[in-house]
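Worksheet: the structure to be examined is printed underneath.
The values are calculated or read from the model by the stated rules, or taken from the named source; none is laboratory data. Since we're looking at a predicted model, the values are computed, not measured. Cβ: placed from backbone, ideal geometry, glycine included. Neighbour counts: every protein chain shown. Heavy atoms of the whole protein, side chains included, go into the accessibility calculation; ligands, DNA and RNA do not. Shrake-Rupley method; radii C 1.70, N 1.55, O 1.52, S 1.80 Å.
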Amino acid sequence: PREPDDIVAVAALCKEFGVPHVVNNAYGLQCGAICHALNEACRSGRVDFFVQSGDKNFQIPVGGSLVCSPQKGLVEAFAKTYAGRANSATSLDLLITFLQTGVSGLTSWRRERKELNVFFRQLMKKTAGELGLRTVEPPRNKISFIIDLLPLCLDTQRGGQGQARNSGRQTEGGGETKGKGKDAGMISALGSLLFRMRCTGHRVCVPKKANEGSGASGEKKKAASRDSEKEMGEGEGDSLVCPVSQPGCDPGGRSSSFSSPAVAVGAADVKIIDGVPFENFGCHSDEWRFPYMTVACAIGASKESLEIFAERFAEAVRRLTEKKNKK
C-alpha cells in the first residue's frame, strides 16, 4: 500500500494552473486524518470531485460509490450525465443504513475501526514474527499495511540451526540466503489458499526484483539503489517504513536502509495504459523489491474476525511451507 498524497499541495497546484482535480477517496471517509486533509484541500485549493466506495465506508453491498463535490453545481451537472438505466438498490441500501445507524452509529464505526487498527497491526506483527516474516507499515497509512513474503522463497545455507530473518539479509549464523525464482507460484498461491479458507480483502503481489539487470544499465540501477539507501540512513532494528526511496515514502523518521537480496521471484507484470508502461502493475512502484501481501482494517471488521484471519494466515503459510519442503 502507499501513503496518501499530499492532497492539500496537489489542490493548490491545480488551483494555480487551472487543472481539474478528481480525488480517489475509496477508503477515506472512515479515516479522520484523510477527511481533514480533504476538507482543507477543498477549502484552500481546487477539488472538483472526490469519489468514495459505498461498501468500504458504509458496509453496503459492493457496486456503489458516492460522487461528491464542494460545488453543488458540479454535482448537478454530473448527475445529468447519468443515463438512469441502473437499478436503485445501492441508493436504497445506503438510505436504510443511514436511517438505521444515524450519526452516532456512523461515528462509532469510525472510532471502533481506529481502535481495531492498532490491535490488528500488533496482532499481525506478532503472527508474522512467529512465522519468520515481518510487517511493513507506511507511517501515514492508517488503514492498510503489508506482510513481507520474501522469506518464503529463500533457501538458507548456514552452519547453525534456525531460519533466515529480516527478508534476505545475512543470517545470524553467517550463512547466505539464496532465492528460488520458481517459488513465485507458491507465493501467489497464498492468496488463493486464504480465499479458499474463507478470507477476503487481502491481495498478494509478486513483483520482479527491481535491481535485476546486467551490463551498464544493471550496474546503474544497483548504484542508484545504493545511493538512495545511503540517503535514507540507518533505521531502528527491523522497524522499516519503506524498502525503497520513492515518492510517498518518508526518508526520515523510522526509515531504514533496506537492501534486498539478489532474488528474482516472478516475471514482471507490465501493463501499458495510454502508451505509458507500468512494470509490476498493482505494486507500490516499479522498483518494489520483494513479494508481499496487503491487508487492511476497514469499517465492519471485528476483533474476532481479525483473530480468525491471523490464525488462518498462519495455517496457510505453514501448509505452503510444508508443501515446499516436501519437494
Item to check | Selection status of Thr101, loosely packed, with under 14 Cβ neighbours inside 10 Å and modelled with pLDDT under 95 | outcome: no
Next on the checklist: Being in contact with an Asp or Glu (Cβ under 8 Å, 6 or more places away or on another chain) and more than 30 Å from Leu149 (Cβ to Cβ) is the requirement here; does Ser69 meet it?
Outcome noted: yes
Item to check | Residue count, the stretch 125-143 (criterion: in contact with a Phe, Trp or Tyr (Cβ under 8 Å, 6 or more places away or on another chain) and open to solvent by 30 Å² or more (accessible area, probe 1.4 Å)) | outcome: 1
Checklist entry - Hey, among the residues in the stretch 1-11 that are open to solvent by 50 Å² or more (accessible area, probe 1.4 Å) and over 20 Å from Thr294 (Cα atoms), which one's modelled with the highest pLDDT? => result Val10
Next on the checklist: Quick check on the stretch 15-53: of everything there that is surrounded by fewer than 20 Cβ atoms within 10 Å (Cβ to Cβ) and of a type in the set (Phe, Trp, Tyr), which residue is farthest from Gly64 (Cα to Cα)?
Outcome noted: Phe17
